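Presented below is the structure to which this report refers.
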Amino acid sequence: MTWAEPSRLLWLLALPIVYWLLLPPPPRELRWTPHLAQWQAALGSLRRRPPRRVGLRVVLLLLAAAATVVAFAGPVLVGRPGPSRLVVLFDASASTGARTASGAPAFEVASSLVRDRLAALPPHVEVTLLRCGGPILRRHGASAKTMQDFGAPAGTLGADLVALAASIDGRDDTVVWTVTDGQGQVRLPDAGALSCIPAPGPNAAIVAVRVVDRWPLPTLSLAVDLVAFADGPLAGIVRATGAVAAPVERAVSLPNGAVTTLEFDVERRAEGGGIDVRVAASGDVLPGDDAWIADLPPLPAPRIGVLSDEENGPFVQAAAQALAEEVAGSVVRARAGESVGMLVVDGGAAPIEPGRVRAVCFGTRHDAAAPLGDALEPRVVDWDRDHPLSVGLDLSELRVASALPAALPRGEPFLWAEGSGGERLPLAVVVGDERTASVHFAFRLADSNLPLLPAFPQLLRRAFVRAYGTGAALAVRSPAAAAGEQDLRSPLPAADRALPPFGTPERSLAQAFVLAGLVLLALRAFVR
Amino acid sequence: MKRVRALPVVPERFPAGFRTMLRDLLARGPKLRTGRTEQRRAQSRALAQSGTFVGHRPYVCGDDLRRIDWAACARTGELFVKLLEEEDRRTLTILLDLSASLLAGTPPRRLAALRLAAVLGGLALRRLDGLTIVAPGAGRAEAATFAGAGDLDELLRHLDALPVADVAPDAAIATFARRGVAGRIHWISDFAEPRAFEVPLAALRRRGADVVGWLPTMPEDHGAPRRGYVEVIDPENGASLAVPVDDELAAAMQRELELLARRQARLFAQTGCPLVRWASPEATDFRAAVWQDAIGWGLR
């Protein structure tokens with residue numbers, strides 16, 4: 001035992017003085033008497049108690065004061081030296097989802113082991129739990145001991161466990177404990193404790209899926225890259241199920257360590273839904289990388305509305321027809337109260353709020369009162385090669401006879417012309433958000449050769465897709481395949497190393513002495 | 001922790017002044033303050049010689065001349081005194097309480113008790129045939145017999161040597177059971193706990209003993225100090241009590257002492273025995289008049 005403030009023990013020297021001051025005065029007269037019983041009876045008749053045993057009461061009071069002084073001096077029980085912090089490096093990469101010999105995934109076995117060990121730790125040990133693999137997570141204290149919101153096996157083991165353990169172990173009374181399955185690593189940590197839970201076995205996985213989405217057409221082209229790691233070729237079956245008109249099932253033979261690509265088309269259902277592409281192979285120990293899952297949006301039934309003056313010629317009608325053929329829709333006349341999926345407007349003025357209506361407008365004024373500005377005879381100088389609407393299209397042959405750039409709303413330009421002063425003027429913009437958009441050109445179809453260009457149908461189709469925004473996008477829900485997490489045949493061999501004994505902290509005895517003082521005072525109350 | 005205190009010291013029991021007063025008192029003879037008829041009756045009872053002859057013993061100075069066997073003197077030329085068998089009226093027994101409670105008082109009650117025993121015993125040696133001192137708890141000196149005026153000094157030595165012994169009053173019954181009851185019994189004690197004396201006193205009465213209780217009284221028996229912070233200690237067990245005394249407590253103590261006196265009186269009244277409350281004289285008070293009551297009771 002040691003003291004936090006040993007100088008305060010000097011107050012104990014005051015106790016003899018207190019004792020001397022508390023001593024009662026001695027009786028002034030001493031009488032030998034045979035009548036002690038009569039004295040006691042006389043006191044009893046007056047309901048007077050015999051004088052208290054002052055000495056014992058004083059001793060108890062002094063002991064309580066001494067206990068208080070000792071508590072004031074801060075008695076401390078010296079602890080045992082040793083680590084007081086524990087950092088657990090938990091390998092939660094995708095490979096830990098493999099089944100062990102017991103049938104349980106290595107991740108669950110490791111989680112159970114960590115929970116049990118952490119629950120048995122002394123309460124003063126600070127615990128930090130680091131998830132290595134997939135998203136980096138850090139848990140501390142009680143949330144670490146319960147592995148709260150620790151997720152499922154996923155991702156690659158991005159951390160260098162060897163370097164991480166070496167940098168942590170032994171620093172600031174910290175001991176490190178690595179829990180891993182031994183997969184995807186060059187060597188295992190030499191520092192600290194180690195628990196290795198291997199789950200070796202053959203594995204077949206979907207490495208990647210390339211999708212050609214012909215939305216709003218129902219055809220979906222899939223190219224599935226498969227890989228297998230086994231002692232020999234692995235026979236498997238690839239199934240595409242879910243929101244498809246007819247499930248697809250293909251048998252494949254997967255050679256060891258080589259990527260096999262399987263291409264097939266599926267017809268998606270008009271109402272949309274999830275599509276599940278899954279490979280099933282005998283003896284596969286890791287089911288987590290066997291599936292590719294995506295959500296398909298519902299297919300539209302586009303009605304292409306046309307709004308144009310007679311003088312604008314047949315170009316807009318031809319464009320609408322081309323778009324209807326491209327998206328398997330129909331062309332209708334735009335009238336009040338008519339519901340259409342896409343509006344094609346050529347020239348004139350139409351009260352269309354840019355970005356709020358799915359439309360493609362060619363030389364259309366949206367505000368009839370707005371000034372027209374000068375009609376240019378622009379020279380197309382450039383288009384955005386990376387824009388979703390113009391990527392891969394050749395617009396070099398585009399000629400525009402007349403345009404009204406001032407009539408364009410504010411938006412995202414992707415086509416420009418050179419002004420009279422040499423400045424770049426937008427000839428086409430996209431206005432809207434992720435869900436609804438409209439495409440605006442500064443010229444009428446009749447004033448350009450755009451309808452004659454080969455890129456025109458594709459541009460219309462892209463404008464249609466862009467007008468629907470994310471509603472037309474396919475959403476992949478399955479995680480990307482983790483590189484290096486598929487080959488489970490030969491985990492690194494390692495012998496487990498146990499955690500070292502933890503130290504015990506210093507414990508203050510001040511509270512115990514205060515309690516002892518209170519007990520002595522309580523006892524004193526019963527001493528007469 | 002209990003503090004051990006030395007018991008009070010009893011002053012010299014029989015100093016020269018007391019011995020002189022005692023011899024004068026015995027030589028001068030009792031001055032009874034009773035009427036003529038009672039005086040004559042007491043004298044005749046004291047001077048009468050009766051009993052069974054059991055032998056002779058040599059005459060010593062102080063023996064009653066009337067008890068000399070002149071016939072034996074004529075035959076042998078030496079003085080002999082006739083020894084008669086002890087009978088009730090010819091002998092006397094003094095039962096002494098040696099308990100430490102008699103050490104209380106100033107002077108200690110034990111001093112008055114021993115001197116009272118000496119006066120009664122001396123009177124018995126002078127006037128009667130024999131004397132027995134019974135002191136329960138005194139070991140081999142528990143019972144001692146004396147005869148003749150010449151044993152006065154031996155009696156005083158015996159009394160002076162008696163120790164302090166804490167024995168229950170019941171112990172006297174065993175002594176009398178072994179030795180039998182001889183003559184009147186003068187029981188000298190403080191009778192501090194009357195209940196403890198009920199059984200032995202009743203037992204003695206059943207044996208036909210004529211018991212006289214002697215209680216040498218002290219000022220402490222009549223009242224408590226009026227004020228003060230007093231520690232009172234029981235000499236028998238050393239138990240003490242620190243008592244702040246005020247008028248109210250002094251009055252209550254007065255009532256308790258009166259109650260004790262009544263209980264002591266009732267103790268003897270129930271057995272038909274007298275209890276003599278006799279005021280203890282000062283340690284240096286050797287006036288003969290102080291002992292008149294004792295002499296009177298001794299001659300009855």
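The values are calculated or read from the model by the stated rules, or taken from the named source; none is laboratory data. Remember, it's a predicted structure, so these values are computed and weren't measured experimentally. Quick reminder, even Gly has a Cβ in these numbers, built from the backbone with ideal geometry, and neighbours come from all protein chains shown. For accessibility, only protein heavy atoms count, side chains too; no ligands or nucleic acids. Shrake-Rupley method; radii C 1.70, N 1.55, O 1.52, S 1.80 Å.
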query = Which values, in whole Å and largest first, are the semi-axes of the equivalent ellipsoid of the range A:203-297 obtained as the square root of 5 times each eigenvalue of the Cα gyration tensor?
reply = 26, 12, 10
inquiry  = Suppose we look only past 20 Å in the calculated P(r) of the range A:85-196. What percent of the Cα-Cα pairs does that tail hold?
reply    = 34
note = In order over the range A:68-80: 3J(HN,Hα) from phi, Karplus 6.51/-1.76/1.60, θ = phi - 60°, whole Hz, x for each Gly or Pro, gives 5, 5, 4, 5, 5, 7, x, x, 10, 8, 5, x, 8
query = Taking amide H positions as placed 1.01 Å from N in the peptide plane, with prolines and chain starts having none, which residues 5 or more places from residue A:244, or on another chain, fall under 5 Å of its amide H?
reply = A:269
query = If you stretched the chain out fully between residue A:507 and residue A:263, how much longer would it get, using 0.36 nm times the residue separation minus the C-alpha to C-alpha distance?
reply = 80.9 nm
message = I'd like the distance separating the alpha-carbon centroids of the range A:488-528 and the range B:278-293, in whole Å.
response = 81
remark   = Per DSSP, the loop-located GluC sites (Glu not before Pro) within the range A:230-306 having at most 12 other beta carbons within 10 Å are A:271
inquiry  = Along the charge dipole of the range A:85-196, pointing to its positive end and built from +1/-1 on Cβ of Lys, Arg, Asp and Glu, which listed residue (A:119, A:174, A:151) has its Cα farthest out?
reply    = A:151
ask   = Could you give me the ³J(HN,Hα) list for the range A:116-130, computed from phi with Karplus coefficients 6.51, -1.76, 1.60 and θ = phi - 60°, whole Hz, x at Gly and Pro?
value = 5, 5, 5, 5, 8, 6, x, x, 7, 6, 7, 10, 10, 10, 10
note = Charge tally for neighbours of residue A:306 with beta carbon under 9 Å away, counting Lys, Arg as +1 and Asp, Glu as -1, is 0
query = Which of the listed residues, A:504, A:257, A:235, is farthest toward the dipole's positive end in the protein assembly as shown, when Lys, Arg count +1 and Asp, Glu count -1 at the beta-carbon?
reply = A:504
ask   = By accessible area of protein heavy atoms, probe 1.4 Å, what ranking do A:440, B:56 get, highest first?
value = B:56, A:440
note = Given a 1.4 Å probe, the accessible area of chain B per residue, as a whole number of Å², is 47
query = Where does each of A:269, A:461 land when they are ordered by accessible area, with a 1.4 Å probe and the largest first?
reply = A:269, A:461
inquiry  = Tell me the angle of helix B:247-271 to the major Cα principal axis of chain B, expressed in degrees between 0 and 90 and rounded to the nearest ten.
reply    = 30
message = Using DSSP to call loops (not H, G, I, E or B), can you name the GluC sites (Glu not before Pro) in the range B:250-285 whose Cβ has at most 13 other Cβ atoms within 10 angstrom?
response = B:282
request  = Taking the Cα centre of chain A as origin, work out the dipole magnitude from +1 charges on Lys and Arg Cβ and -1 charges on Asp and Glu Cβ, in debye rounded to 20.
outcome  = 5060
message = Given the DSSP H assignment, sum -39500 (n - 2.57) over each helix run of at least 4 residues in the protein assembly as shown and divide by its residue total; what's the result at 222 nm in deg cm²/dmol, nearest 500?
response = -8500 deg cm²/dmol
note = Computed ³J(HN,Hα) along the range A:430-445: with the Karplus parameters 6.51/-1.76/1.60, θ = phi - 60°, integer Hz and x for glycine or proline, the list is 10, 10, x, 10, 6, 9, 9, 8, 10, 10, 10, 9, 8, 9, 7, 5
inquiry  = Taking amide H atoms as placed 1.01 Å from N in the peptide plane, list the residues 5 or more away in sequence, or in a different chain, whose amide H sits under 5 Å from that of residue A:87.
reply    = A:128, A:175, A:176, A:177
request  = Order these peptides, A:336-343, B:94-101, B:152-159, A:90-97, by their mean beta-carbon neighbour count within 10 angstrom, highest first.
outcome  = A:90-97, B:94-101, B:152-159, A:336-343
query = Heavy-atom accessible area of residue B:126 with all protein chains present, probe 1.4 Å, nearest 10 Å²?
reply = 80
Cα-based Rg and Dmax for chain A, where Dmax is the largest Cα-Cα distance (Å) = 42.5, 146
Förster radius 60 Å - calculated FRET efficiency between residue A:396 and residue A:190 (Cβ-Cβ, nearest 0.05) = 0.40
inquiry  = Within 10 Å of each Cβ in B:258-265, how many Cβ atoms from other chains are there, averaged over the peptide?
reply    = 1
task = Would you mind working out the accessible area per residue for chain A, using a 1.4 Å probe, and quoting it in Å²?
result = 49
ask   = For chains B and A, what's the summed buried accessible area, probe 1.4 Å, to the nearest 100 square angstrom?
value = 2800
ask   = Long-range amide H contacts for residue A:273: which residues qualify at under 5 Å (H placed 1.01 Å from N, peptide plane, sequence gap of 5 or more or a different chain)?
value = A:296
remark   = Of all trypsin sites (Lys or Arg not before Pro) in the range A:110-192, the ones in DSSP coil with at most 10 other Cβ atoms within 10 Å are A:187
